[in-house]
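Trainee: This is the structure I have questions about; it appears just below.
The values are calculated or read from the model by the stated rules, or taken from the named source; none is laboratory data. What you see is a predicted model, and the numbers here were worked out from it, not measured in a lab. FYI the Cβ positions are ideal-geometry reconstructions off the backbone, even for glycines, and counts take in every protein chain you see. For the accessible areas, the whole protein counts, side chains as well, though only heavy atoms, and no ligand, DNA or RNA atoms are used. Shrake-Rupley method; radii C 1.70, N 1.55, O 1.52, S 1.80 Å.
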Amino acid sequence: MLSETQKTFRFAIIMCVCCSLALTAASVGLKERQEENKLIDRQKNILKALNLIEKKQKYTGVQIKNTYNDNVKEYYLDDQGNLTKEETGRAVFIVGDIANIKTYAVPFKAYGLWSWIYGYIALDGDGNSIVGFTVYSHAETPGLGGECEKPWFQDQFIGKKITDMNGKFVSIGVVKGKVSDKGFDKVKEKNYVDGMSGATITSKGIEDYLRKDLLAYELFSERLRRKG
C-alpha cells in the first residue's frame, strides 16, 4: 500500500499534469482568436490615423474589418520609392488607388524613456499634410510620457506639415512647452507640436524616430508632392 506521503505526491503529480494539459489546450484553442484580435486592433489603429472611424466611438470587430477592407489597400515601398505588393519592411496603407491616392498611413516606432512607442502617422495625398496620428502601444510613465496616447497630444499633429516653406523635408518637431511660446511664424509653426510636460526624453524620442521613419518614405512622399 502507498504511504500518505506517496499518495500526496501522486495527487500533486496528477494535478500538475491535468493543469498543464488544460493550459496547453486553452492556449492552442485561443491562438487563432488572439491572432484575429491582433489583426483587428492593427486595422482599427490604421483607420484611426486615416480618420476613417470616430476615435471615441466603439466598433465591433466585424465593423472594423469591413471598414478596413472597403477603404484601405496595403502596399510596400521598394528601394526606389515605388509601390509594390512584395513585402519589403516599409508598409504603406492607402486610401484611393495608385493613380489617385487620397490619404496614406505609415507605421512608426520611437524609443521614449522606458519603452518602444508604436503608432501610425497618416498624410494627405499631397505628400505633405498630416491627417492623423495614433499611438497604440507603449510603456511610458502615466501622466508624463504616457500622455503620448492621449487625444490632446495626437490630435495636434493634424494639419501639420512635414516640409518647410521651401518644400524641404523637415518632419515634425516636438518642442519643450508650447509651440505658441516659441516665437515661430505661422509657416514654421506648421512643423511643430507641443511636447509633454515633464517628459522631455519621450518627446525627443518621438521627434527623432518619427523623422527617421518618415525619411524612409520620403522618396514616395516627394513624388506625390511633385505630382501635386
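Trainee: For the stretch 97-154, give the percent of accessible area contributed by carbon and sulfur heavy atoms, probe 1.4 Å, rounded to a whole number.
Mentor: Taking all protein chains in place, the stretch 97-154 shows 59 percent carbon and sulfur surface.
Trainee: Here's something else I'd like to know. What distance in nm separates the two pseudo spin-label positions at residue 83 and residue 118, each 7 Å out from Cα along the beta-carbon direction?
Mentor: 2.5
Trainee: Okay, moving on. What angle, in degrees between 0 and 90 and rounded to the nearest 10, separates the Cα long axis of helix 4-49 from the longest principal axis of the Cα atoms of the chain?
Mentor: Computed tilt is about 20 degrees.
Trainee: Taking N as the number of residues in the stretch 159-228, what is its alpha-carbon radius of gyration divided by 2.2 N^0.38 Å?
Mentor: Expressed relative to 2.2 N^0.38 Å, the Cα Rg reads 1.17.
Trainee: Quick check: residue separation of residue 56 and residue 126 times 0.36 nm, minus the Cα distance between them. What number comes out in nm?
Mentor: So the extension gain works out to 22.5 nm.
Trainee: Taking the 0 to 90 degree range and rounding to the nearest ten, how far is the long axis of helix 218-227 tilted relative to the main principal axis of the chain, both from C-alpha atoms?
Mentor: The two axes meet at around 40 degrees.
Trainee: Shifting gears a bit: Return the carbon/sulfur percentage of the accessible area of the stretch 169-216, one whole number, probe 1.4 Å, all protein chains in place.
Mentor: That share works out to 52 percent.
Trainee: Something else: What is the dipole size for the chain, taken about its Cα centre, with +1 at each Lys and Arg Cβ and -1 at each Asp and Glu Cβ, in debye to the nearest 20?
Mentor: 260
Trainee: Out of (i) 17.5; (ii) 18.1; (iii) 19.9, which label holds the value of Kirkwood radius over Cα pairs in Å that was computed here?
Mentor: Identified label for the calculated read-out: (iii).
Trainee: Could you pull out the pairs from 58/182; 182/212; 44/190; 85/178; 85/150 whose alpha carbons sit more than 31 Å apart here?
Mentor: From the list (58/182; 182/212; 44/190; 85/178; 85/150), the Cα-Cα distance tops 31 Å for 58/182; 85/178; 85/150.
Trainee: How large is the helix-only mean residue ellipticity at 222 nm for the chain, computed as the sum of -39500 (n - 2.57) over DSSP H runs with n ≥ 4, divided by its residue count, in deg cm²/dmol to the nearest 500?
Mentor: My calculation for the chain gives -13500 deg cm²/dmol from helical runs alone.
Trainee: Something else: Check cross-link reach from residue 38 to the lysines: straight Cα distance under 16 Å, and skip same-chain residues fewer than eight apart.
Mentor: The qualifying lysines are 48, 65.
Trainee: Ok, one more. Any idea what angle helix 61-71 forms with the longest principal axis of the chain, computed on alpha-carbon atoms, 0 to 90 degrees, nearest 10?
Mentor: Between helix and principal axis, roughly 30 degrees.
Trainee: Excluding ligands, DNA and RNA, what is the solvent-accessible area per residue of the chain at a probe of 1.4 Å, expressed in Å²?
Mentor: Result: 59 Å² of accessible area for each residue.
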